[in-house]
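Undergrad: Let me give you the structure first, and then I'll get to my questions.
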Amino acid sequence: MNIGIIGGSGLYDIDGLEAIKEHSLQTPYGDPSANILEGKIKDQKIFFLTRHGKGHKLLPHELNHKANIWAMKSLGVEAILSFSAVGSLKEEIKPCDIVLVDQYIDHTKRTDQSFFGNGAVAHVSLATPSCQKLSSQILDAASDILAQNQTVHASGTYINIQGPQFSTKAESKLFRQWDIDVIGMTNFSEAKLAREAEICYLTIAMVTDYDCWHPDHDAVTVDQVIQNLLKNAAFAKELILKSTPNLAINSECNCQTSLAKGLLTPIDAIPKEKKEELEPILRKYL
Ligand SMILES: [Zn+2]
């Protein structure tokens, strides 16, 4: 199985990844955030992409998620671990805790969150938007390497706000009333596209600080936030080294058959150009 890793704020490389090749890909949607690095951890092939580009130059609303996910699919990636810095909306989810996201709420204004349209119609299920098989294996691996006072939460809801500004206190309080766990600016768009591309996908959310609802929020310094980002990146690297060589997902996973039910337009009725555009995604149905 080929594993893709998307690194968010703080996670720009992976120690221990034996580099094989760098892929500079063009996609029908433009360029991915950066070249994708192909490498190996033990015998496991890994494809690594830094989400915000080399030198962290892309804002969340500037990210070309379609190009990123298409590029991963075209390289044969079957499962993506997506690391992301988030704010916490609950007291018990502390800075430097890990949340294995299992649900999302979309609070963006993005209109580029589907590969379909222009003659090809698909409605995939997002009732269970995260890969449960990835989640249970990552939970085991993360539990083994936790620091003192650090918790890995087996589930949690992520609200994807538009950004790039952080939320207001009124928004933060509203999201808490909605019983949401963490807040970020990127991952639901990725999750939607990964499901359409039939790739198993899991967000590993790493808490940098409490969102602005928290009474301590204003007292937190930039230094403390950066410290937490660095700690989280070190944890992510350890988790990748520990978990990826043993990850087991088979192509029967529900995530990898989403179009079997979801694709409504018969293959023969999809325009030729659209079929070419979606070739890596539709290949097994063509
Ligand atoms: Zn899956």
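Undergrad: Working out 0.36 nm times the residue gap between K42 and H61, then minus their Cα-Cα distance, what length gain in nm do you get to one decimal?
TA: Details: separation 19, 0.36 × 19 = 6.84 nm, distance 3.55 nm.
In short, 3.3 nm is gained.
Undergrad: For the peptides 23-35, 180-192, what is the packing order when you average, over each peptide's residues, the other Cβ atoms within 10 Å and list the highest mean first?
TA: In descending order of packing, they fall as 180-192, 23-35.
Undergrad: Another question, then. Using a 10 Å cut-off on Cβ atoms, rank the peptides 275-285, 78-88 from the highest mean neighbour count down.
TA: Values: 275-285: 16.5, 78-88: 25.2.
Descending mean neighbour count gives 78-88, 275-285.
Undergrad: Something else about it: Under 17 Å from a point 7 Å along the Cα-to-Cβ line of K261: which residues of segment 94-134 have their amide N that close?
TA: 122-133
Undergrad: If each DSSP helix of 4+ residues adds -39,500 (n - 2.57) and the sum is divided by the residues in the chain, what number results at 222 nm, nearest 500 deg cm²/dmol?
TA: On the way: 8 runs with 78 residues, N = 286.
Rounded to the nearest 500, it is -8000 deg cm²/dmol.
Undergrad: Continuing with this model, one more query. How many nm is it between the label spots at K242 and F166, if each spot is 7 Å from the Cα in line with the beta carbon?
TA: 2.9
Undergrad: Something else: Measure off 7 Å from each Cα along the Cα-to-Cβ vector at I226 and L25, then give the distance between these two points in nanometres to one decimal.
TA: In this crude label model, I226 to L25 measures out at 3.4 nm.
Undergrad: Separate question: What is the Cα convex hull volume of the chain when expressed per residue in Å³?
TA: Per-residue hull volume (Cα only) is 123 Å³.
Undergrad: Among the listed pairs K66/K261; K57/K237; K192/K261; K57/K90; K133/K261; K73/K192, which have their C-alpha atoms separated by more than 18 angstrom in this model? Write out the running numbers ahead of the final one.
TA: Numbers: K66/K261 21 Å; K57/K237 22 Å; K192/K261 16 Å; K57/K90 30 Å; K133/K261 20 Å; K73/K192 14 Å.
Beyond 18 Å: K66/K261; K57/K237; K57/K90; K133/K261.
Laboratory data are not the source of any read-out in this text; all were calculated from the coordinates shown. All of these numbers come straight from a predicted model, not from anything done at the bench. Positions of Cβ are backbone-derived with ideal geometry, glycine not excepted, and every protein chain shown enters the neighbour counts.
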